[in-house]
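The values are calculated or read from the model by the stated rules, or taken from the named source; none is laboratory data. Given the structure is predicted, the values throughout are model-derived calculations rather than measurements. No Cβ is skipped: glycine too gets one built from the backbone with ideal geometry, and neighbour counts run over all protein chains shown. The area values use the complete protein model at the heavy-atom level, side chains included, leaving out ligands, DNA and RNA. Shrake-Rupley method; radii C 1.70, N 1.55, O 1.52, S 1.80 Å.
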Amino acid sequence: MSDQSNQKKLLWQSRFSEPFDREALKFSSSVHVDGLLYREDIQGSIAHATMLGEQGIISPEEAGLIVEGLRAVEKEIESGALLPVWEDEDIHTVIENRLKELIGPAAGKLHSGRSRNDQVATDTRLYLRRNIDRIGQLLKAMQATLLDKAEQYKHTIMFGYTHLQRAQPISAGHYYMAWHSMFGRDAERLADLRKRANVSPLGAAAFAGSTLPLNPARSAELLEFDGAFTNSIDAVSDRDLVIEFVSACSMIMMHLSRFSEDVILWSSAEFNYLSISDAFATGSSIMPQKKNADIAELVRGKTGRVYGNLMNLLTIMKGLPLSYNRDMQEDKPPLFDTAETTASSLSVFRRMIEKTWLNEERLARLTAEDLSLATEIAEYLVKKQIPFRDAHRITGKIVAYAIAEGKTLPTISLEEYRTFSEAFDEGIYDDLKPNASVNSKKTAGSCSFKSVEEQIAKAKAAR
């Protein structure tokens, strides 16, 4: 198309006396972004044309011609035969102009009773629905990998941390099931959002509805929505769903970023708790010995991008009067970037976790020698009817003594223990074993081997 002919084919320009300024057109053009919505746009247009034909607003023959033409346009875009350029303004213009070239004047009837406002709102909801399902499947895959890891390491003892300090011995399976729970909540948030997203705005037109005998319920049915809008103003001006989707993705990315931090720390020489497959690590351009957890670092960094997208959307919407405003065009870049970033991060991170393994011998040695068994001493004394605050004070003194003498808790003699309290007997050494510590936990959902096995079984049953 020439620039001049393209100017004449802008969908809204009939009441204007001079062409739209080229710089202004380039500034306002969104086709380089909303071109991603061509499938959704054609899907919505097919439903709209079908409804128009059924309602007698256009003839069944015209409806069939339009649907056939739209499918041909879709194939052209998919194959690369039809390439949008910025002069086309938006993907809706690209599709409608090409449709007119293919089928003639009947193409002009497609827009009957429809505005670009309800059109783009419909496209956005279809895109959200598809990506909610896509990310939901990736979350299920992540949970399946975590279940496998929990099963593999359910009898492996590792440190649990608070304040990034060694706290208590736990089952490594319990650790992996913690992430399983987090990603499970992420999946629940998306599933809940899908219910709100699965409502059709098609038929709201610009914002007030149409004088034509449209059937929004039929359009909704054809697009497999649960129903149609109840308020036409809200239908075209609402972007809550976009914000909610990016917020849900921000939570997913936050969980991935926290997980990344553990992977980065634990794979370092200082910790050496975990090893990463060479397939998911990189080296240094100058230091040959380096093995970097770059995938985890990139996921951690990309989390900031998604957070920024959320703030972007909130800022766009915060001062807009009802109903539609062109500002809303700017919701697409943060939405698309968030969906792709979250999906790709989940996919590659899951594959990386699948190819990691715990250094079990090192963990066994460290947990057996560490002061993290101190809580067991305090609870041992509680079982001897010593008030917890007194037991805590006594145990604190024992820990200070162990540090000063360079001893581990299991190597302190009974005589030494009894200098701190007469309540100690030989039974204390049974409690000062990592396995005994872990398996002595009585609370449901705790880190004991039995509890972890129950968590795994319950998660498998839920799947």
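Computed values, structure above
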read-out	value
GLU68 being on the phi > 0 side of the Ramachandran plot and in contact with a helix residue (DSSP H, G or I) (Cβ under 8 Å, 6 or more places away or on another chain)	no
Of residues in segment 26-55 being of a type in the set (D, E, K, R) and open to solvent by 20 Å² or more (accessible area, probe 1.4 Å), the one nearest to PRO201 (Cα to Cα)	ARG39
Residue among LEU102, LEU110, LEU82 that alone is within 24 Å of ALA228 (Cα to Cα) and either open to solvent by less than 10 Å² (accessible area, probe 1.4 Å) or free of Cβ contacts under 8 Å to residues at least 60 places away in the same chain (or both)	LEU110
Qualifying residues in segment 149-188 (those that are hydroxyl-bearing (Ser, Thr, Tyr) and outside any loop (DSSP other than H, G, I, E, B)) - the one nearest to CYS447 (Cα to Cα)	SER171
Long-range neighbours under 8 Å by Cβ, at least six apart or interchain, first residue open to solvent by 50 Å² or more (accessible area, probe 1.4 Å) within segment 223-248, second among the aromatic types (Phe, Trp, Tyr)	ILE233/PHE207
Filter result for GLU89 (closer than 26 Å to LYS26 by Cα and open to solvent by 10 Å² or more (accessible area, probe 1.4 Å))	no
Selection status of ALA296, buried (at least 19 other Cβ atoms within 10 Å of the Cβ), in contact with a helix residue (DSSP H, G or I) (Cβ under 6 Å, 6 or more places away or on another chain) and more than 20 Å from ALA248 (Cβ to Cβ)	yes
Tally, over segment 39-91, of residues that are modelled with pLDDT of 95 or more, of a type in the set (A, V, I, L, M, F, W, C) and closer than 25 Å to PRO216 by Cα	14
Selection within segment 430-459 - surrounded by fewer than 16 Cβ atoms within 10 Å (Cβ to Cβ), under 20 Å from ALA391 (Cα atoms) and not polar (S, T, N, Q)	ASP430, ALA436, LYS442
Residue match in segment 345-367 (condition: open to solvent by 50 Å² or more (accessible area, probe 1.4 Å) and not in a helix (DSSP H, G or I))	yes
Given (1) within 27 Å of THR145 (Cβ to Cβ); (2) open to solvent by 10 Å² or more (accessible area, probe 1.4 Å); (3) at pLDDT 95 or above, number of the condition ARG196 does not satisfy	(1)
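Here's the yes/no breakdown for (1) open to solvent by less than 40 Å² (accessible area, probe 1.4 Å); (2) in contact with a helix residue (DSSP H, G or I) (Cβ under 6 Å, 6 or more places away or on another chain); (3) not basic (Lys, Arg):
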residue: LEU313; (1), (2), (3): yes, yes, yes
residue: LYS318; (1), (2), (3): no, no, no
residue: MET328; (1), (2), (3): yes, no, yes
residue: ALA339; (1), (2), (3): yes, yes, yes
residue: THR375; (1), (2), (3): no, no, yes
residue: LEU381; (1), (2), (3): yes, yes, yes
residue: PRO387; (1), (2), (3): no, no, yes
residue: ALA400; (1), (2), (3): no, no, yes
residue: LYS407; (1), (2), (3): no, no, no
